[in-house]
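Peer 1: Here it is: the structure, laid out below.
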Amino acid sequence: MTDKTITAKSTGGLYITKSTLFKIYLLLGVTLVSAVFIWYTFGVIDKLQQDTRDQVEKYVKLWQLAANSPTTGGIELQFIFEEIIVKAAFPIIVLDQEFKPIHWRNIPGIEPGDTTAATKVRLKEISDEMRQEHDQFELRFAENHVNYFCYGDSKAIEQLKMMPFIEIGIVVAFLIVALIGFHNIKRSEERHIWVGMAKETAHQLGTPISSLMGWLEVIEGDKESGVEPVSGGELHGAVDNMKVDVRRLQRIANRFGLIGSIPELHPYDLNNLITETVEYFRRRLPFEGQGITINFEPGNIPKVSLNAELLGWTLENLIKNALQAVDSKTGRLEIRTFMDETQKNVNIEIQDNGLGIPPGAARKVFRPGFTTKKRGWGLGLTLVKRIVEEYHGGVVYLKKSRPGETIFELNLPVR
């Protein structure tokens with residue numbers, strides 16, 4: 001009875017599980033966050049590159065004005081280059097008319113005074129990349145003398161260019177951790193469910209089997225104590241009771257057979273189903289407590305599309321929990337059916353006057369494996385939630401819980 005077999009939504013015959021939906025939403029969320037990060041980072045990079053280009057244009061104009069001014073000498077040009085242009089935070093290469101490097105600064109791994117042939121070749125390759133990415137600026141001196149000013153991205157921009165990949169790596173790592181955590185949670189939940197299913201099966205089968213064994217002893221008699229086997233009318237009564245227990249076993253088998261498959265829903269009189277369930281528990285009240293009362297107030301409601309076996313199981317679980325919560329002498333259960341304000345849903349309220357559920361536990365009552373009972377296994381309300389919400393498209397929740405008043409409400413859509 002894992003999420004892999006319980007359907008959550010249907011789209012044109014394609015059934016999607018809740019765990020699959022969770023993974024899809026997680027993937028979409030991670031993709032969206034990554035896209036926003038990348039978009040913002042590239043926006044910052046574009047802004048910095050534009051600022052750098054504006055700065056380069058100013059440097060080129062300054063150097064060209066100084067070079068073409070009749071009052072400016074070589075010392076002033078050297079000062080402008082060494083004290084203003086070179087101190088920029090980005091790589092610079094000045095090329096001659098044949099696009100050969102003649103000046104350079106801030107080139108990673110290359111010193112300004114290194115003029116070896118290998119360095120010149122490397123500088124030529126770097127300048128070609130700069131020209132391809134950012135183009136070049138002309139530096140005109142006199143009429144025919146032209147140099148070219150090339151620049152590259154600063155170290156900060158180069159580091160920013162790596163940020164999208166780092167961000168994607170972090171997000172992917174987060175996604176992997178989230179999926180592993182989700183998988184571990186699901187495995188833990190499945191272990192609780194399977195342990196609970198085994199105990200629930202033993203509990204469900206135990207009562208009718210014990211009853212059948214008792215009736216067999218009555219029919220056969222007890223030779224050691226001298227009790228004679230029953231006959232006549234008593235025999236027919238015992239057989240009738242055994243038939244009830246056999247039908248109960250058949251119903252239990254049908255219920256467990258429906259778990260994990262897609263149940264068929266048919267229009268059904270919900271009031272009749274609740275009445276049958278209430279009568280079943282009323283016959284058991286002498287065993288539960290002599291002072292407990294169960295009242296059912298059927299409302300004027302239409303038929304609802306449901307699976308009687310599974311929804312009957314849901315009602316039994318809720319009523320059984322309520323009976324265990326109330327006092328054996330003053331316990332009272334109130335069950336009501338009514339239409340909601342929109343007239344689109346049939347509501348079922350199951351109210352008891354027990355001690356109530358503590359606030360801390362109220363938020364966890366539907367979790368697999370969670371229970372407030374000493375001998376509970378925390379599966380009953382998990383089954384209730386899955387049957388109502390995943391099989392019937394309804395909603396079940398704890399409406400109110402305080403000492404003397406606890407209400408569970410089920411909302412089933414009218415189709």
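Peer 1: Can you confirm whether Asp128 is of a type outside the set (Lys, Arg), at pLDDT 75 or above and not in a helix (DSSP H, G or I)? Full working, then the answer.
Peer 2: Numbers: of a type outside the set (Lys, Arg): yes; at pLDDT 75 or above: yes; not in a helix (DSSP H, G or I): no.
Taking the combined requirement at face value, the residue does not satisfy it.
Peer 1: For residues that are at positive phi and surrounded by 14 or more Cβ atoms within 10 Å (Cβ to Cβ), scanning just the range 325-377, find the one that is modelled with the highest pLDDT.
Peer 2: So the first thing to find is which residues in the range 325-377 are at positive phi, and the list is 343, 356, 369.
From what is left, the residues that are surrounded by 14 or more Cβ atoms within 10 Å (Cβ to Cβ) are 356, 369.
Working: Gly356: 88, Gly369: 61.
Only one residue fits best here, namely Gly356.
Peer 1: Moving on to the next point. List every residue pair whose Cβ atoms lie under 6 Å apart, where the two residues are 6 or more positions apart in sequence or sit on different chains, the first residue falls within the range 238-256 and is under 15 Å from Glu276 (Cβ atoms), and the second residue, located anywhere, is at pLDDT below 75 and open to solvent by 40 Å² or more (accessible area, probe 1.4 Å).
Peer 2: Close Cβ pairs satisfying both conditions: none exist.
Peer 1: Does Gly291 fit the bill of being small (Gly, Ala, Ser) and surrounded by 14 or more Cβ atoms within 10 Å (Cβ to Cβ)? Give the steps one after another, and end with the answer.
Peer 2: On the way: small (Gly, Ala, Ser): yes; surrounded by 14 or more Cβ atoms within 10 Å (Cβ to Cβ): no.
Answer is no for this residue.
Peer 1: Still on this structure, I have one more. Strands (runs of 3 or more DSSP E) wholly in the range 284-365 with at least 1 residues that are out of contact with any Leu (no Cβ under 6 Å at 6 or more places or on another chain) - which ones?
Peer 2: Values: elements: 293-297, 304-306, 332-339, 345-352.
Filter on the range 284-365 gives 293-297, 332-339, 345-352.
Peer 1: Out of the residues in the range 379-395 that are of a type outside the set (Asp, Glu) and free of Cβ contacts under 8 Å to residues at least 40 places away in the same chain, which is surrounded by the most Cβ atoms within 10 Å (Cβ to Cβ)?
Peer 2: Restricting attention to the range 379-395, the residues satisfying the condition of being of a type outside the set (Asp, Glu) are 379-388, 391-395.
Next, only the ones that are free of Cβ contacts under 8 Å to residues at least 40 places away in the same chain stay: 385, 393, 395.
Values: Lys385: 19, Gly393: 15, Val395: 15.
That would be Lys385.
Peer 1: List the pairs whose first member sits in the range 275-289 and is within 13 Å of Leu333 (Cβ to Cβ), whose second member is open to solvent by 60 Å² or more (accessible area, probe 1.4 Å) and modelled with pLDDT under 75, and whose Cβ atoms are under 8 Å apart, counting only residues at least 6 apart or on separate chains?
Peer 2: Note: pairs meeting the criteria are Phe281/Glu288.
Peer 1: Within the range 400-415, which residues are open to solvent by 10 Å² or more (accessible area, probe 1.4 Å) and under 24 Å from the mean Cα position of the chain (by Cα)?
Peer 2: Selection gives Asn411 alone.
Peer 1: Another question, if that's okay. Among the listed residues Phe141, Phe149, identify the single one that is in contact with a strand residue (DSSP E or B) (Cβ under 8 Å, 6 or more places away or on another chain) and modelled with pLDDT under 75.
Peer 2: Of Phe141, Phe149, the one residue that is in contact with a strand residue (DSSP E or B) (Cβ under 8 Å, 6 or more places away or on another chain) and modelled with pLDDT under 75 is Phe141.
Peer 1: Moving to a separate point now. Would you be able to tell me the number of residues in the range 254-270 that are at pLDDT 75 or above and either more than 28 Å from Met339 (Cα to Cα) or not β-branched (Val, Ile, Thr) (or both)?
Peer 2: Taking the range 254-270 and keeping what is at pLDDT 75 or above, we get 262-270.
Remaining after also requiring either more than 28 Å from Met339 (Cα to Cα) or not β-branched (Val, Ile, Thr) (or both): 263-270.
Looking only at that region, the number is 8.
Peer 1: Can you say whether Leu273 is surrounded by 14 or more Cβ atoms within 10 Å (Cβ to Cβ), touching a Gly at 6+ places or on another chain (Cβ under 9 Å) and modelled with pLDDT of 65 or more, as far as the supplied structure shows? Let's see the steps before the verdict.
Peer 2: On the way: surrounded by 14 or more Cβ atoms within 10 Å (Cβ to Cβ): yes; touching a Gly at 6+ places or on another chain (Cβ under 9 Å): yes; modelled with pLDDT of 65 or more: yes.
In short, yes.
Okay, residues lined up against (1) at pLDDT below 80; (2) exposed (fewer than 13 other Cβ atoms within 10 Å of the Cβ):
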position	(1), (2)
Asp153	no, no
Gln159	yes, yes
Leu175	yes, no
Ile180	no, yes
Met197	yes, no
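The values are calculated or read from the model by the stated rules, or taken from the named source; none is laboratory data. Quantities reported herein were computed from a predicted structural model and do not represent experimental measurements. Don't worry about glycine lacking a Cβ; one is built from the backbone with ideal geometry, like all the others, and counts go over all protein chains shown. For accessibility, only protein heavy atoms count, side chains too; no ligands or nucleic acids. Shrake-Rupley method; radii C 1.70, N 1.55, O 1.52, S 1.80 Å.
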